[in-house]
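See below for the structure under consideration.
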């Protein structure tokens with residue numbers, strides 16, 4: 001019993017040191033991750049104009065952004081990409097970026113994506129600056145993509161819901177980072193353009209930090225569980241009994257004995273040592289294990305599993 005308590009004490013100390021170590025390392029990791037993310041500052045001023053075919057109805061042409069447009073009257077869409085990223089440290093960023101157009105066609109009322117087609121509009125690779133200033137103007141031939149989708153529908157005799165994605169994607173150190181995406185409906189009478197921005201450099205929200213801290217604790221719990229399994233699995237009473245099955249004899253009836261002849265032990269190992277040292281057997285009845293030495297019953301009561 002003393003040996004078991006000693007091991008438990010050592011295990012408790014180990015767990016305490018381990019938890020402190022995990023929390024310290026986890027704190028350093030989270031701090032460095034947040035610091036890395038916070039070294040960037042980005043700003044998006046991307047905009048667009050919609051130019052219509054000559055007509056007698058729209059006096060102001062081109063039309064400004066954030067309006068509804070008659071799709072059949074659109075001649076082209078001028079997109080002005082204006083994206084800025086600054087590194088707050090003195091280090092320069094190795095970056096590249098590209099402009100892509102992607103047709104996405106959906107069936108079943110827009111629930112199933114069945115076809116995509118990518119068009120590379122422009123790429124620039126392996127640039128290195130502390131501040132990234134991307135200014136790209138692109139004139140989009142809207143009707144070209146409308147006709148492209150129509151030919152697809154006619155070829156397969158299928159009706160689809162279609163969108164054109166014009167995307168500026170930035171890579172820093174060959175990793176996808178911020179992106180600006182303009183979503184344009186195709187094959188509709190009246191359309192509205194939607195601007196979406198994804199900034200992977202600014203993910204220091206409370207949810208991501210909570211997930212990181214929770215992950216650190218989960219790793220600590222798993223390590224503690226594995227260590228406890230190793231330390232105590234081979235020392236459980238069930239395991240000990242299996243190791244000494246050759247000297248354990250089950251009996252059907254408890255023998256008669258005087259209370260003065262009984263000595264209760266608090267450790268199963270002590271009972272086993274006494275039996276081995278006296279070349280005696282251990283008798284098993286219900287939860288009682290005992291050996292008899294010089295008319296003395298040395299008994300250990302096995303704790304019931306809960």
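Where a number appears in this text, it was derived from the coordinates with a stated rule and is not lab data. Computed from a predicted model, the values in this text were never measured in an experiment. As a convention, Cβ positions derive from the backbone with ideal geometry for all residues, glycine included, and neighbour counts pool all protein chains shown.
Some points to look at:
- Modelled spin labels at residue 248 and residue 43, positioned 7 Å past Cα toward Cβ, are 7.6 nm from each other.
- Taking other C-beta atoms within 10 Å as the exposure proxy, 155, 244, 40 rank 155, 244, 40 from fewest upward.
- Look at where the Cα atoms of the stretch 40-54 and of the stretch 246-282 average out, and the two centres are 88 Å apart.
- Cα pair distances exceeding 17 angstrom across the stretch 237-301, given as percent: 32
- Once both labels are positioned 7 Å from their Cα atoms along Cα-to-Cβ, the gap between residue 65 and residue 159 label points is 3.4 nm.
- Annotation: for a label point projected 7 angstrom from Cα along Cα→Cβ of residue 189, residues of the stretch 51-89 with backbone N closer than 18 Å are 68-74.
- Computed E for residue 75/residue 133 - FRET, C-beta separation, R0 51 angstrom, nearest 0.05: 0.95
- Full extension of the chain between residue 106 and residue 257 yields a length gain of 45.8 nm, computed as 0.36 nm times the residue separation minus the alpha carbon distance.
- When only Cα pairs below 8 angstrom with a gap of at least 6 residues are kept, the stretch 41-203 shows a relative contact order of 25 percent.
- In terms of other Cβ atoms within 10 Å, 64, 49 run from fewest to most in the order 64, 49.
- Neighbour-count ranking [beta-carbon atoms within 10 angstrom, fewest first] of 195, 93: 195, 93
- The fraction of Cα-Cα pairs per 5 angstrom bin, counted from 0 for the stretch 40-142, comes to 3, 10, 15, 15, 15, 15, 12, 9, 5, 2, 0, 0 percent, rounded to whole percents.
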